[in-house]
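Structure, as structure tokens:
Read-outs throughout are calculated quantities, based only on the coordinates presented, and are distinct from any laboratory measurement. The structure presented is a predicted model; accordingly, all values stated were derived computationally and were not measured. With ideal geometry, Cβ positions are generated from the backbone for all residues, glycine too; neighbour counts draw on all protein chains shown.
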Amino acid sequence: MTRVRHLLRLGDLGREEVEALLERTFALKGYQRTDVPHASLPGRILGLLFEKPSTRTRVSFEAGIYQLGGHGMYLAPDQLQLGRGEPIADTAKVLSRMVDGLMVRTFGHDRIEELACHSHVPVINGLTDRCHPCQVLTDIFTWYERRGPIAGRTVAWIGDGNNMAHSWIAAAALLGFEVRLACPKGFEPDSPILAEAGDAARLVGDPREAAAGADLVTTDVWASMGQEADREARDGAFQAYRVDAELMALARGDALFMHCLPAHRGEEVTAEVLDGPQSVVWEEAENRLHTQKALLEMLLGSGEAGRG
């Protein structure tokens, strides 16, 4: 039996696979815009397990599998026995006998790892507290579509050393660009993740140093889901880490601005930047759909998917 492929973190893909995924995403986006039929996954069923709320992740995967000829099945914990204490392993064994793939959006990364360990079908990480590989793949595609290969470029990450920061660190190591991370003291990325990236990732204290000469500036909210209780403390610590026009002016003149959304205008980014000419956040959001479709083809259409 062919070994099942999962996407739990970006490192589960090789560089050539990411490059092929970008090319396929470009083609799929073109097919949709010109109404070219591309129902490449007829009859495939994707289970969508959400333990965290979502807009872009849910809509992109649900619409994406439908456009590829399959069906998406939304699964909320309070509507499953998982919400009543059924072990993750048992849930995985049952679901993977009924669907062709699982997309999971949850809190602790250990939860998705356990689920994948007991799943007979591909498991896709739609977000965990540790990383968000689908979003960073979309961001890389958005760059690729506008500017070409990202190798040799410089990305400035401003703000929390969270799951998105971790994913940018992994992307830099895999694809050969530099990411400079400006994070408040006490909110840095996990040290082992930084260490794995070697010279590809550099932690700096000053947002201005991170942004200076950067090709791309990106950020995220100051308090992610599950961190609401720390919001007041975070607001105080992050005041100097707002992306505004002055900070963007330090980057290259043609630098792009990205944000995974939702954004809080006036907090981590000003409205002037978010809605300004260097911002590609709306293209970035749309591209979740096209990147997800390419990823579903890669994992569910390779012959490795199938109910156990």
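Ranked by how many other Cβ atoms sit within 10 Å of their own Cβ, fewest first, the residues 270, 25, 219, 34 fall in the order 34, 270, 25, 219. Counting beta carbons within 10 Å around each of 12, 129 and listing the fewest first gives the order 12, 129. Around the Cα centre of the chain, unit charges on the Cβ atoms of Lys, Arg, Asp and Glu (plus for the first two, minus for the last two) sum to a dipole of about 820 debye. Look at 103, 164 and count the other Cβ atoms within 10 Å of each Cβ; fewest to most, that gives 164, 103.
Report, please, the projected area of the range 133-277 averaged over directions, based on the convex hull of its C-alpha atoms, in nm². Averaging across all directions leaves 7.9 nm² for the Cα convex hull. Can you check what the net charge comes to around residue 151, using other residues whose Cβ is under 12 Å from the Cβ of residue 151 (Lys, Arg +1; Asp, Glu -1)? Result for the neighbourhood of residue 151: 0. Within the range 17-149, all pairs of alpha-carbon atoms sorted by distance into 10 Å bins from zero give the percentages 11, 39, 35, 13, 2. Summing charges over all other residues whose Cβ lies under 9 Å from the Cβ of residue 106, with Lys and Arg as +1 and Asp and Glu as -1, gives +1. Simple spin-label estimate for residue 31 and residue 212 gives 4.7 nm between the two label positions (7 Å along the Cα-to-Cβ direction from each Cα).
The helix-based estimate of mean residue ellipticity at 222 nm for the chain, built from -39,500 (n - 2.57) per DSSP H run of four or more residues and divided by its residue count, is -12000 deg cm²/dmol to the nearest 500. Within straight-line reach of residue 185, meaning a Cα separation under 29 Å, sit the following lysines at least 8 residues removed in sequence or on another chain: 52.
For residue 93, the aspartates and glutamates whose Cα comes closer than 16 Å to its Cα, not counting residues fewer than 8 places off in the same chain, are 113, 114. Between residue 12 and residue 199, the distance separating the two model label sites (each 7 Å from Cα on the Cα→Cβ line) works out to 3.1 nm. In the chain, with Lys and Arg counted as +1 and Asp and Glu as -1 at Cβ, which of these residues, 117, 195, 258, has the Cα nearest the positive end of the dipole, that is, farthest along it? Positive-end residue among those listed: 117.
List the lysines whose Cα sits under 23 Å from the Cα of residue 29, skipping any in the same chain fewer than 8 residues away. Within the straight-line cut-off, residue 29 pairs with 293. Could you tell me whether the chain comes out rounded, prolate or oblate from its Cα gyration tensor? Rule is a ≥ b ≥ c as square roots of the eigenvalues, rounded for a/c under 1.5, then prolate if a/b exceeds b/c, otherwise oblate. Prolate shape, in that a/c is at least 1.5 and a/b is the bigger ratio. The distance between label points at residue 146 and residue 261 comes to 1.4 nm (points 7 Å beyond Cα on the Cα→Cβ vector).
Treating the Cα atoms of the range 59-218 as identical point scatterers in vacuum, please give the log10 of the normalised Debye intensity I(q)/I(0) at q = 0.09, 0.10, 0.12, 0.19 Å⁻¹, two decimals. The Cα Debye sum returns log10 ratios of -0.38, -0.46, -0.64, -1.13. The residues packed around residue 213, meaning those with a beta-carbon under 12 Å from its beta-carbon, carry a net charge of 0 if Lys and Arg are +1 and Asp and Glu are -1. Span-like helix check, the chain: qualifying full DSSP H segments, with Cα axial length of 20 Å or more and mean Kyte-Doolittle of -1.0 or more, are 15-33, 133-147, 281-300.
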